[in-house]
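Below you'll find the structure, written out as structure tokens, and then a few comments.
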Amino acid sequence: MASRPRFYTSEEVLDEIYADPGSDFDSESSSDEIEEYHDQQSSSESSENEEMIENDNQSINNEDQRVNARGRGHNQGAARGNRAARRAVRRNRQQEDALLEIQWTSNDRQPRIPQFTARQGLQVQLPNNAGAGEYLSLFLTDEFFDLLVEQTNLYAAQYKASNPNLPPNSRASSWVETTRNEMKKFLALSFLMGVVRKPEVSDYWSTNPLLKGSIFNSVMPRNRFQSILQFLHFADNSQYNANDPNRDRLYKYRPVVQYLVSKFNSIYIPEEHISIDEELLLWKGKLLFKQYIPLKRARFGIKMFSLCETTGYLWNSYVYLGKEPDAVATDMEMVRRLGKSGAVIPRLMEGLLGKGYKLYVDNWYTTSSTDPMAPDASDQFSGRHFPELIPPTPKKQTPQKKCEVCSKEGRRKESRYQCGQCNTHPGLCFKIYHTQ
């Protein structure tokens, strides 16, 4: 017989929301911070919170020893997950208590709208009847293809030198250096494979009447395509030390990423309304900084922070490389001053600050530490936030109240949280409870 469903109280639901609001960084209230269970990597910005967390971790370590003493190995994974959840709840509550000490006001005021001074739009000249190929050539220039050709030929030579006893009929033994024109064909076929989907790469060159019909055979032989694919490289492996603890985790792709982002920045200037958010690129292979976010459609992948405008144009972006900051491209002083969430905005808006942009972000970026950070007074900053804790009173440290609507229908018990309209007792809880 199936077990009866368990109904959560509003208090339990809100604790779950605040424990994993959906980002893999700090417990700074993000819409995607369920990755806290995967990375377990954030820490509080204030020294007082760090001391409290250290004490909590000490007690949790003692609990670990007791669990191990029982000898129940099959329950240890679940115990670790529960402890991570409790740590996340404690950290969020500590930050919420700190926010309660800030003097918030709800007085209406007339905002000062800064003048937008950026020269938005395309920054290069193109004919009015320009096609897709001409636009693509703005980003994928000869300089880009020369980089691919140079590093691919270099890696092929290094591979043959380190493997002198290759079989005479192998692809590596018969390798011939590639050229710019051939690399363009290789990349074009790779793009086409994303449109015309087949089970295997070799199927694109199949002579089977059920599979053939594409132009792959007329552009490049199958063996040549697979040889270029085998040796395709973007950086010199001999300059990379895999044993260095401070190594660049994005070293093998860094030249291409930097080149493309520089083109995104220089060719087009975004319009007045822009947004910063994280995105997840689907990837299920082996990778040190691969993320797992169950709430995302692509649960496994590479996480990136991106700045886009309303048309969807991606103007700036960088890859999240794990809990350790990117030492190559991160301003560590800014991270120490603003925190991890606060340092994202000035890093992505470099070159746009002070021009009257209107930036829209989610709740992870709207912490108290974002006040002294960019965007400055000549830019506008808009974000969302979660409902707030009910402020403590002299008589009760953790006051609760009932929802005016829910209490009439007997659906929910009391809660410690309130929305912006909960100024009386009883107050209104989340509006979404009554609209869905």
Calculate one ³J(HN,Hα) per residue across the range 218-224 by plugging θ = phi - 60° into the Karplus curve 6.51 cos²θ - 1.76 cosθ + 1.60, and present them in order as whole Hz with x for glycine and proline. 7, 9, 7, x, 4, 4, 5
Would you mind getting me the FRET efficiency between residue 207 and residue 159? Use the beta-carbon distance for r and R0 = 30 Å, nearest 0.05. 0.45
What FRET efficiency comes out for the pair residue 236/residue 184, r = Cβ-Cβ distance, R0 = 22 Å, nearest 0.05? 0.50
Note, the range 173-186: 3J(HN,Hα) by Karplus (6.51, -1.76, 1.60, θ = phi - 60°), whole Hz, Gly/Pro = x, goes 5, 9, 5, 10, 4, 7, 10, 4, 5, 5, 5, 5, 5, 4
Any idea how far apart residue 218 and residue 191 come out in nm if each label point goes 7 Å out from Cα toward Cβ? 1.8
Starting from the amide H of residue 401, placed 1.01 Å from N in the peptide plane, find each other amide H under 5 Å away whose residue is 5 or more places distant or on another chain. 415
Would you mind calculating the gained length between residue 395 and residue 130 on full extension (0.36 nm times residue separation, minus the Cα-Cα distance), in nm to one decimal? 88.2 nm
Dipole axis of the range 105-256 (+1 Lys, Arg; -1 Asp, Glu on Cβ), positive-most option in 193, 219, 120: 193
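Values in this text are rule-based calculations from the coordinates and carry no lab data. Not measured: the values here are computed from a predicted model. Glycine gets a Cβ as well: all are built from the backbone with ideal geometry, and neighbour counts include every protein chain shown.
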